[in-house]
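The values are calculated or read from the model by the stated rules, or taken from the named source; none is laboratory data. Treat the numbers as computed from the prediction; the structure is a model and nothing was measured. Ideal geometry is used to build each Cβ from the backbone, glycine not excepted, and the neighbour counts take in all protein chains shown.
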There are 4 protein chains.
Amino acid sequence: MFRFLTAGESHGPCLTIVVEGLPAGLPVEKALIDADLRRRQGGYGRGGRMKIEKDEIRFLSGVRHGKTLGSPITMQIENRDWVNWEERMSAAPVDAEMERVSRVRPGHADFTGAIKYGQDDVRNVIERSSSRETASRVAVGGLCRQFLAQFGIEIHSHVLSVVEVGYEEERGMTADAYSQEMWEAVEASPMRCARPELTEKMIERILEAKRAGDTCGGVFEVVAFGVPIGLGSYSQWDRRLSTRIGMALMSIPSTKGVEIGAGFGATRRTGSQVHDVLRRSEEGQWSHLTNNAGGIEGGISNGEPIVARVGIKPIPSLARPLPSVDLATGENIDQSRYERSDVCVVPAAGVVGEAMLAPVLTEALLEKYGGDSMDEMLRHFRS
Amino acid sequence: MFRFLTAGESHGPCLTIVVEGLPAGLPVEKALIDADLRRRQGGYGRGGRMKIEKDEIRFLSGVRHGKTLGSPITMQIENRDWVNWEERMSAAPVDAEMERVSRVRPGHADFTGAIKYGQDDVRNVIERSSSRETASRVAVGGLCRQFLAQFGIEIHSHVLSVVEVGYEEERGMTADAYSQEMWEAVEASPMRCARPELTEKMIERILEAKRAGDTCGGVFEVVAFGVPIGLGSYSQWDRRLSTRIGMALMSIPSTKGVEIGAGFGATRRTGSQVHDVLRRSEEGQWSHLTNNAGGIEGGISNGEPIVARVGIKPIPSLARPLPSVDLATGENIDQSRYERSDVCVVPAAGVVGEAMLAPVLTEALLEKYGGDSMDEMLRHFRS
Amino acid sequence: MFRFLTAGESHGPCLTIVVEGLPAGLPVEKALIDADLRRRQGGYGRGGRMKIEKDEIRFLSGVRHGKTLGSPITMQIENRDWVNWEERMSAAPVDAEMERVSRVRPGHADFTGAIKYGQDDVRNVIERSSSRETASRVAVGGLCRQFLAQFGIEIHSHVLSVVEVGYEEERGMTADAYSQEMWEAVEASPMRCARPELTEKMIERILEAKRAGDTCGGVFEVVAFGVPIGLGSYSQWDRRLSTRIGMALMSIPSTKGVEIGAGFGATRRTGSQVHDVLRRSEEGQWSHLTNNAGGIEGGISNGEPIVARVGIKPIPSLARPLPSVDLATGENIDQSRYERSDVCVVPAAGVVGEAMLAPVLTEALLEKYGGDSMDEMLRHFRS
Amino acid sequence: MFRFLTAGESHGPCLTIVVEGLPAGLPVEKALIDADLRRRQGGYGRGGRMKIEKDEIRFLSGVRHGKTLGSPITMQIENRDWVNWEERMSAAPVDAEMERVSRVRPGHADFTGAIKYGQDDVRNVIERSSSRETASRVAVGGLCRQFLAQFGIEIHSHVLSVVEVGYEEERGMTADAYSQEMWEAVEASPMRCARPELTEKMIERILEAKRAGDTCGGVFEVVAFGVPIGLGSYSQWDRRLSTRIGMALMSIPSTKGVEIGAGFGATRRTGSQVHDVLRRSEEGQWSHLTNNAGGIEGGISNGEPIVARVGIKPIPSLARPLPSVDLATGENIDQSRYERSDVCVVPAAGVVGEAMLAPVLTEALLEKYGGDSMDEMLRHFRS
């Protein structure tokens, strides 16, 4: 019964997150969640807003004296810009005439949201469709990661490419293809890329796009280590671990593609080149010689790192806006509008990717091991 | 409240499907569902089983005199091979000693399922993890497609590539990039590929793999036409239409990648080259000049065709088996075992892809328009 | 992820049940489920149909050689009367003109179902709204009870009253207020009542009603023994064990009331007379001096028997039908119609009550202890 | 996809509620929700806390300029007592030694919660199990009622009895058995009872209990008017409107019984005395001569008022505490502890009952009529 809801508009007073179903007695540190929020706000290519918002959560329920209670956990993230929006975003009716947004931006929810929800002010759409919402998800992820750590599970992400700039050679996906040093390099890079020379080229590419009033997308990889064998099931389509990972990652705003393991690359090789040979050590340890499966066989985790890649489209808010339509007049216009925006969010998107993988694994662990308190659950896990 | 469950082992007596939540009064034709089942069983590269099974459904509930009742719909597909398996797959205990399967095939659920479910006979795993289960999904899809047709929604799929053989140029994704003739060509091709010369090359590639005791994967595209603007929502991560499509398509056995619209290709271009310009005609019709979004903006359908691509890994059951482990002895072995299998299932997988997209759209339509009978729902739809 | 769907019309070919989420390796006996089906069909006051149907299930999936596989379990119950209904209930269109039912019976779904689903033939409603559907639930319950037995949990039911005939004194609800002998007496009574003299009076009351062309309802009690402390939660409204029991029992056709523990009686006493004093033995065993709480405090099981009572209204199909409306003419009529029916279903309803309590406890156990196989789950349970 | 989560501890900083799935464009008034919160806090027999807390909500998301946006709605209710609890209930670890609660109160979650969640400080349990949580539900209900009002649906409740003091004669349940004057009398009564002389007697009864250090329960009735024919379904056990109402009402803390329509009374009469005769007027209006069904036949609303009654046990926190156990020492003790408490919450519970019926009807309406904006939904409703 693990579940969560996020709420909050981009320029409303705050983001609110309620998470239900974590066991009691889990030690949680606000600082770890705040650190993830900062990782999301960092990265080269972010716009002005990131300087305004220094996100941090406040626990409003479910945690007492540093431990979970088993009751629903509320986290809240203040929107520091709220003071400038109190009237424009007031919940109560206001007397003043409000300016309406009517020129829709291609690639955003502006058009679809206005039609769906019957709005003549696109502001009523973009406040929630904004990727500001992903801060809430990062808070959920930051909480879940503390839970997963109790079972020795760790999640990382790194950027593989920006536009056409990225890794060219094939990369391994077994545990030894990654290292602590690598992740440190990632966190030190403004692009969250493990290779300094690639980082530099990516930044150049972003600068080039920025000068052209254009934007960049790219690809990140997210990896979970220490996942036990047996999460997920082939029993029903919606219980496959791959199903749930596909769901979680595809839900990230701007995502147009998700791959697990060798992904689309696996379609370009034959079976004998793709499938991972299983070995058993004399001590009874299981391992695979390769990890093209990305840690999932038959919809179930196989003990190797869970590896997924996510393709993020370029940001739709262009400084040199594309042609579009003005919903107020119904006329085709030469230029949509520009809303303050970043040029490239791929490094941040990776942090969101980690945050979306975390609840998937959390839920699957809870299903397999059960338990109302951490003591009980760890007892089950070790039994 | 649309939902469905599928059940049934590969060599059990039958597959059973229960679908709940379709309105009453929907005309349904068994023949249309059977036709989809046959499309799934066709395609070049299928093994011997496809000749044994000539799947057809039987309605056991929920349909009377050609129309749905609003009650749960049961469909059953007999396994014609059952007569040869009655004892080996008997639900009741049997006296005879049963042969156990213990050599696990890389890339299958053999290993992960045996560990997860504590089985020493891999037969207890592979009977359900087998892609035989996808016949059930095709039945669900065949039913949903008849529902969607009432709203003018049509779903098609075609194969884009097998191993390295496939389309080389970029393809458009607006409605006029597809045609009735194209889909007829697809259905006429044993590869479910629109181009005869590609079909031929794909078949050659499969034959080559077969001679080498190897297998092939590939990529298919699935497209939904006539989807109204406004399905899905950015409001919560799990309500995005992209989330649900990612979930449904990633659940297809052997899937390692899912793309929507321009997919990973969108990451290699800048924003100005990716986002689709919106136009409004004098008659008030909406359209986009391109469809890189694949019909979804901000997690909501935008009126363009929904376009997704799915990457299918090569079949794991190789005629020249890879090394593996024997679970009975715990020893590493030079050759896993070979279970009767196809060489390439990409054409069939496309049919499954259609079948998985159909319930996603069905559910989204039901949420948006409501209605307990088709009359009521169409009244809402047209209001 | 425990869930189930039932399907099937009253005069269709069969009832179908799919149950998903039981662990692998659970020994299951068809005979035990069939025995419950027979218990449901027994009881004084049943009409002619019960002689036609001798229900038994057939496992069509999920069970092999007497044990669950972890895959979805399909059970099917043939409708023996089907041969007489093949044309009238045909899934395919038929040429013959079908007689339509248009006079609606008060107290049934005839009217509400016809309006809801837009039907001009009430047959299309009553086929599913019929309490024939409860046979499916009994099959689910029969399966779950075998699961619960592994944890020492047992469920019983007995009839407390029929119309005004029933227990007059207050009855205890602690474990020692019930006994094996009592349950044997219940199963031996045609009324499923523990007291022979009450059984006799109830039968007389039913006979009296029958002679008057009338029908009887009554109250049954359902009790679960051996439920561990800690199922359910106050954390969210829908996680309380009482919530789920209230839901499950209220779903039984003809149910108009559900009580837990002292129920409405608790409202007529003060706090000091109602709340159950907790004791701890020297060996550390917990017990309560009374069980007015019915085994649930704060929405969580407290180790005492779970006790609930269900009020069943009299059967709506009267041999001397009440006035009603003919939907075909829209005219008020003096007499609704009579469809073959029982006079009193309270003993059978008790068996359905057991069957609905079982999945509630199954789900709660799975949440608390997790586990993909019985070995794993019992290891957790005992850890 | 209507859903909500509530969160918050009794002495934490606030209660938080997230509601997802209401259409856009619904006019919402904070004042109406606050009025319901005050109604919950009123009523004779409440303890000191009610004077501390003057609950009001603050919208933190989902509402702009007086209308819903279609995005998740966050409501927050400040706990005014928080200033006195900041350290004791701090989310962060504190240096000071905290006093632990270890004597469990019979009838509360104290014991079950401590065992379930592995807590040695019962404070960690009672903060969430406290019925303070019902303020959150009232906020949800207050919101839903504004939605329901758009469709002409109104919900009321009134108190029928306190201990043995209450209505003695049978009461009708058709629409004309209730009146606007009656509801005004209810709201004017400190007991929320329609009859002044009963109000007085109830107050006397509460005073008597109070003097004895004892507590009182009772029964309230909740009624929904204007519910259209056709909500809920017999199609699957969990879709019956009665199932969902049983679930929602049984979830109210201290509830031990739920009845619909004639309830248990229906079991004491025969069929001819219970079932409601349907009439059709010349104008084609449907009505029933009686409403023993409580507005639901076959699990589907029949156009009559939905009538349910809820039995509330006496409050477990007694000024003269019952014997119990001290969890810290494991010893049986003569007196549990007393936590500040009310003597009778039945009037307040009625308000909670209204609040729990509202989301059930909201969800059922959304399923039947669909729609993303109020305009669209009302168009469907009227079509």
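General remarks:
- Of everything listed in (1) more than 8 Å from every other protein chain (Cβ to nearest Cβ); (2) more than 30 Å from A:Arg128 (Cα to Cα); (3) not charged (D, E, K, R), the single unmet condition for B:Ile312 is (1).
- Residue check for A:Ala194: surrounded by 22 or more Cβ atoms within 10 Å (Cβ to Cβ) and either modelled with pLDDT of 95 or more or out of contact with any Asp or Glu (no Cβ under 9 Å at 6 or more places or on another chain) (or both): yes
- A:Asp36 vs. criteria more than 14 Å from chain B (Cβ to nearest Cβ), out of contact with any Lys or Arg (no Cβ under 7 Å at 6 or more places or on another chain) and in a loop (DSSP other than H, G, I, E, B): no
- D:Ile115 being of a type in the set (Val, Ile, Thr) and surrounded by fewer than 24 Cβ atoms within 10 Å (Cβ to Cβ): yes
- Being among the β-branched types (Val, Ile, Thr) and modelled with pLDDT under 95 holds for only one residue in C:Val343, C:Val360, C:Val352, and it is C:Val343.
- Residue within the stretch A:208-222 that is buried (at least 24 other Cβ atoms within 10 Å of the Cβ), facing chain B (nearest Cβ under 8 Å) and more than 30 Å from B:Gln273 (Cα to Cα) present: no
- The set of residues in the stretch D:3-33 being part of a loop (DSSP other than H, G, I, E, B), more than 7 Å from every other protein chain (Cβ to nearest Cβ) and closer than 30 Å to B:Tyr369 by Cβ consists of D:Gly21, D:Leu22, D:Pro23, D:Leu26, D:Val28, D:Glu29.
- If only residues of the stretch C:258-288 that are at the interface with chain D (Cβ under 7 Å from one of its Cβ atoms) and among the hydrophobic types (A, V, I, L, M, F, W, C) are counted, the one that is nearest to D:Ile260 (Cα to Cα) is C:Val258.
- Residues considered: B:Ser383, B:Ser373. Of these, the only one that is in contact with a Gly (Cβ under 9 Å, 6 or more places away or on another chain) and either modelled with pLDDT under 95 or over 17 Å from D:Asp375 (Cα atoms) (or both) is B:Ser373.
- Within this structure, B:Val346 fails the test of being in contact with a Leu (Cβ under 6 Å, 6 or more places away or on another chain) and more than 14 Å from chain D (Cβ to nearest Cβ).
- Test: residue in the stretch D:286-308 that is crowded, with 24+ Cβ neighbours inside 10 Å, closer than 27 Å to D:Ser341 by Cβ and either under 20 Å from the mean Cα position of the chain (by Cα) or of a type outside the set (D, E, K, R) (or both): yes
- Taken over the stretch A:237-268, the criterion of being of a type in the set (Lys, Arg) and either in contact with a strand residue (DSSP E or B) (Cβ under 9 Å, 6 or more places away or on another chain) or at pLDDT below 95 (or both) is satisfied by A:Arg239, A:Arg240, A:Lys256, A:Arg268.
- Set B:Phe111, B:Phe147, B:Phe151: member being under 22 Å from B:Asn332 (Cβ atoms) and of a type in the set (A, V, I, L, M, F, W, C): B:Phe111
- Tabulated pairs, the stretch C:342-364, first within 18 Å of C:Arg38 (Cβ to Cβ), second acidic (Asp, Glu) and part of a helix (DSSP H, G or I), C-beta under 8 angstrom, 6+ apart or interchain: C:Val351/C:Asp36; C:Glu354/C:Asp36; C:Ala355/C:Asp36
- The condition of being free of Cβ contacts under 8 Å to residues at least 24 places away in the same chain, within 14 Å of chain D (Cβ to nearest Cβ) and not hydroxyl-bearing (Ser, Thr, Tyr) holds for C:Ala109.
- Members of the stretch D:195-240 that are within 21 Å of the chain's Cα centre (by Cα), closer than 30 Å to D:Gln285 by Cα and among the hydrophobic types (A, V, I, L, M, F, W, C): D:Val222, D:Val223, D:Ala224, D:Phe225, D:Val227, D:Leu231
- In the set (1) in contact with a strand residue (DSSP E or B) (Cβ under 6 Å, 6 or more places away or on another chain); (2) in a loop (DSSP other than H, G, I, E, B), the condition left unmet by C:Gly152 is number (1).
- The residues of the stretch B:297-309 that are of a type outside the set (Asp, Glu) and more than 8 Å from every other protein chain (Cβ to nearest Cβ), listed by number, are B:Gly303, B:Pro305, B:Ile306, B:Val307, B:Ala308, B:Arg309.
- Counted residues, the stretch C:83-95 - those being within 10 Å of another protein chain (Cβ to nearest Cβ) and under 28 Å from C:Asp55 (Cα atoms): 6
- Among the conditions (1) of a type in the set (Ser, Thr, Tyr); (2) away from chain C (no Cβ under 13 Å); (3) in contact (Cβ under 8 Å) with a residue 12 or more places away in the chain; (4) surrounded by fewer than 22 Cβ atoms within 10 Å (Cβ to Cβ), D:Ser131 misses just one, which is (2).
- One residue from D:Ser251, D:Ser189 being in contact with a helix residue (DSSP H, G or I) (Cβ under 8 Å, 6 or more places away or on another chain), among the polar types (S, T, N, Q), at the interface with chain C (Cβ under 10 Å from one of its Cβ atoms) and surrounded by 18 or more Cβ atoms within 10 Å (Cβ to Cβ): D:Ser251
- Which numbered condition A:Glu367 misses (of (1) among the charged types (D, E, K, R); (2) more than 8 Å from chain B (Cβ to nearest Cβ); (3) under 30 Å from A:Lys116 (Cβ atoms)): (3)
- When B:Met98 is tested against (1) farther than 13 Å from C:Gly70 by Cα; (2) facing chain A (nearest Cβ under 10 Å); (3) not polar (S, T, N, Q), only condition (2) is not met.
- Selection count where residues are closer than 22 Å to B:Leu26 by Cβ and among the charged types (D, E, K, R), scope the stretch B:130-182: 3
- Of all residues in the stretch C:239-268, those that are within 23 Å of C:Gly172 (Cα to Cα) and touching a residue at least 12 places away in the same chain (Cβ under 8 Å) have Cβ atoms under 6 Å from Cβ atoms of residues that are surrounded by fewer than 24 Cβ atoms within 10 Å (Cβ to Cβ) and among the aliphatic types (A, V, I, L, M), 6 or more apart or on another chain, in C:Ile245/C:Val360.
- If you go through the stretch C:60-80 and pick out every residue that is among the charged types (D, E, K, R) and either out of contact with any Lys or Arg (no Cβ under 8 Å at 6 or more places or on another chain) or facing another protein chain (nearest Cβ under 7 Å) (or both), you end up with 2.
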